[in-house]
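Report on one structure; see the data block that follows.
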Amino acid sequence: QVQLVESGGGLVQAGDSLRLSCAASGRTFSTYAMGWFRQAPGKEREFVATISGSASRTTYADSVKGRFTISRDNAKNTVFLQMNFLKPEDTAVYYCAAGPKGPSIYAREYADWGQGTQVTVSS
């Protein structure tokens, strides 16, 4: 089991940037993929980005491609989500997740989840 704690959310204006962090503990961090998902009010949780254990592979949702960057520091057991050019439609609770051996866009393949961090983008 992996314990995950997100941080870095907040209230920003459209066009601003935020960097989310997710600190992991438990299993050896570099052995599993990590993902970021988000859930807006009244909507289902959706995939944002994923990264392999070695950081050699990343995948992004079309809605964030070119604006968001996922990365990880295996020495610090932390995964990051750099969010640039934020839009009001990016407003959501952002969750990091751990679990699959390889990067996945499917929430069902992630066994462990953080508590979430709120990101609000005003227009």
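Values computed for the structure shown
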read-out: The lone exception for residue 30 - which of (1) small (Gly, Ala, Ser); (2) in contact with a strand residue (DSSP E or B) (Cβ under 6 Å, 6 or more places away or on another chain); (3) surrounded by 13 or more Cβ atoms within 10 Å (Cβ to Cβ); (4) more than 14 Å from residue 86 (Cα to Cα) it fails; value: (2)
read-out: Matching option when the condition is part of a loop (DSSP other than H, G, I, E, B), over 15 Å from residue 121 (Cα atoms) and at pLDDT 95 or above, among 6, 44; value: 44
read-out: Filtered residues of region 22-41 (kept if assigned to a loop (DSSP other than H, G, I, E, B) and at pLDDT 95 or above); value: 33, 40
read-out: Leading residue by the ranking (farthest from residue 92 (Cα to Cα)) among those in region 1-27 that are hydrophobic (A, V, I, L, M, F, W, C) and open to solvent by 60 Å² or more (accessible area, probe 1.4 Å); value: 5
read-out: Strands (runs of 3 or more DSSP E) enclosed by region 62-123 - at least 1 residues per element that are surrounded by fewer than 22 Cβ atoms within 10 Å (Cβ to Cβ), out of contact with any Lys or Arg (no Cβ under 9 Å at 6 or more places or on another chain) and modelled with pLDDT of 95 or more; value: 68-73, 117-122
read-out: Members of region 47-61 found to be without any contact (Cβ under 8 Å) to a residue 40 or more places away in the chain and open to solvent by 50 Å² or more (accessible area, probe 1.4 Å), listed by number; value: 54, 56
read-out: Neighbours by Cβ (under 7 Å, 6+ apart or cross-chain): first from region 95-123, free of Cβ contacts under 8 Å to residues at least 24 places away in the same chain and more than 14 Å from residue 70 (Cβ to Cβ); second acidic (Asp, Glu) and outside any strand (DSSP E or B); value: none
read-out: Region 47-61, residues that are in a strand (DSSP E or B) and not small (Gly, Ala, Ser); value: 47, 48, 50, 51, 58, 59, 60
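The values are calculated or read from the model by the stated rules, or taken from the named source; none is laboratory data. Only a predicted model underlies this, so the values are computations on that prediction, with no experimental measurement involved. Here Cβ is always computed from backbone atoms with ideal geometry, including for glycine, and neighbour counts include all displayed protein chains. Surface areas here come from the heavy atoms of the whole protein model, side chains and all, with no ligands, DNA or RNA. Shrake-Rupley method; radii C 1.70, N 1.55, O 1.52, S 1.80 Å.
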